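Below: one structure in structure tokens.
The values are calculated or read from the model by the stated rules, or taken from the named source; none is laboratory data. Please read these numbers as outputs of a predicted model, since none were measured by experiment. Because the Cβ atoms are built from the backbone with ideal geometry, glycine has one as well, and the counts that use them run over all protein chains shown.
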Amino acid sequence: MTLSSRRHPPIPLVFTDEVADALAAGDPVVALESNVITHGLPYPDNAATARKVEDAVRAGGAVPATIGIDGGRVLVGMTDADIERFASTPGIPKVSSRDLAAVLASGGTGATTVASSLVASELAGIPFFSSAGIGGVHRGAETTMDISSDLVQFTRSRVAVVCAGAKKILDLGLTMEFLETHCVPVIAHGSDDFPAFYCRSSGLRAPQRLDDPAAIARAVETHWALGNPGGVLITSPTRPEDAIDEDDVEAAIADALRGAAADGVRGGAVTKYVMRAVDRATEGRSARANMAVLVHTAQIGGTLAAAHARLKREVNQ
């Protein structure tokens, strides 16, 4: 038997009725990661936030499909009971695309990251995914090689990713260079710049800007029509009233990096150290801003997915 003729076991996808009906009708659906439920805020705030994010997708005109792994199955959309269970159960592991096969094969449970959510989204036939912020190239990656698997997955999964850029604790210049080298389109919506999560700008100009949702939908479809295997990254900054001043964040990061060096913190532990230091330095503003980014980006994702669904209907008429 040749490699090409081998049969693979089907991936068990479990759709909620709402998501299944929307996909069957060609209605817009936006995939969401479950990692924000299990590794974000404490219970019950995490469950309330997940519901707000799903409501924001609906406000944008689409159906939310929060992705999770439960008993060796991929949940494509979560019921309210699923959200409550994931939010209230301690110790649910984070599962990225690298570990997805092993967790599914062993019948495990896990919360999906951006990367693993993209794998599930493509399998489920969902062309749009929303996240508050993506992973990127970490500061000091020239020696640690600490680069998020999100960036690699963008080159593999045919899913459009809507986000508010990436956090300033990363090396955003190198992140943009990585995306350019790997031919991942970056389209800015509502700004000329690449945003930095709860900062409206990273100080880096985005390579393309399109504000019209219909034009973005055409760009996504054209990218795939050209034969490209991966996705499109669409960034939209948080609202001005929800943003944190970028200079304040950068100063907090610089102080935190000096503190990490003085405390002997190295490797992957530096990122968590810096994030906690920034949270303390902003006196809680970063937590509120984090929530605002999640909700705003989800609504933008819903709006863009709806525009894409309209385009697909027009093409198929």
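Just one of (1) under 12 Å from the mean Cα position of the chain (by Cα); (2) surrounded by fewer than 21 Cβ atoms within 10 Å (Cβ to Cβ); (3) under 26 Å from residue 243 (Cα atoms) trips up residue 149, so point out which.
Just one mismatch for residue 149, condition (3).
Assess whether residue 56 counts as being at pLDDT 95 or above, in contact with a Phe, Trp or Tyr (Cβ under 6 Å, 6 or more places away or on another chain) and in the same structural domain as residue 121 (by TED's automatic domain parsing).
Values: at pLDDT 95 or above: yes; in contact with a Phe, Trp or Tyr (Cβ under 6 Å, 6 or more places away or on another chain): no; in the same structural domain as residue 121 (by TED's automatic domain parsing): yes.
No; evaluated as a whole, the condition is false for this residue.
Sort out which residues of region 47-73 are touching a helix residue (DSSP H, G or I) at 6+ places or on another chain (Cβ under 7 Å), within 23 Å of residue 97 (Cα to Cα) and surrounded by fewer than 23 Cβ atoms within 10 Å (Cβ to Cβ), and write them in order of number.
Of everything in region 47-73, just one residue is touching a helix residue (DSSP H, G or I) at 6+ places or on another chain (Cβ under 7 Å), within 23 Å of residue 97 (Cα to Cα) and surrounded by fewer than 23 Cβ atoms within 10 Å (Cβ to Cβ), namely 72.
Residues in region 259-317 that are among the basic types (Lys, Arg) and within 26 Å of residue 245 (Cβ to Cβ): how many? It would help to see each step written out before you state the result.
Let us first name the residues in region 259-317 that are among the basic types (Lys, Arg), namely 266, 272, 276, 280, 285, 288, 310, 312-313.
Add one more test, that the residue is within 26 Å of residue 245 (Cβ to Cβ), and what stays is 272, 276, 280, 285, 288.
Qualifying residue count for the region: 5.
Restricting to region 228-241, name every residue that is within 19 Å of the chain's Cα centre (by Cα) and of a type outside the set (Val, Ile, Thr).
229, 230, 231, 233, 236, 237, 239
How about region 134-170: which of its residues are of a type in the set (Lys, Arg) and modelled with pLDDT of 95 or more?
156, 158
Next up: Name the strands (runs of 3 or more DSSP E) wholly within region 161-276 that hold at least 3 residues that are of a type in the set (Gly, Ala, Ser) and free of Cβ contacts under 8 Å to residues at least 60 places away in the same chain?
Working: elements: 186-188, 193-196, 199-205, 232-235.
In region 161-276, 199-205 are the strands (runs of 3 or more DSSP E) which contain 3 or more residues that are of a type in the set (Gly, Ala, Ser) and free of Cβ contacts under 8 Å to residues at least 60 places away in the same chain.
Can you report the number of residues in region 218-241 which are buried (at least 21 other Cβ atoms within 10 Å of the Cβ) and either farther than 17 Å from residue 151 by Cα or of a type in the set (Ser, Thr, Tyr) (or both)?
5
Moving on to the next point. Residue 205 is checked against (1) buried (at least 22 other Cβ atoms within 10 Å of the Cβ); (2) of a type outside the set (Ser, Thr, Tyr); (3) under 21 Å from the mean Cα position of the chain (by Cα); (4) farther than 29 Å from residue 29 by Cβ and fails just one. What number does that condition carry?
(1)
When you look at residue 170, is it of a type in the set (A, V, I, L, M, F, W, C) and closer than 26 Å to residue 32 by Cβ, yes or no?
On the way: of a type in the set (A, V, I, L, M, F, W, C): yes; closer than 26 Å to residue 32 by Cβ: yes.
Yes: the conditions hold for residue 170.
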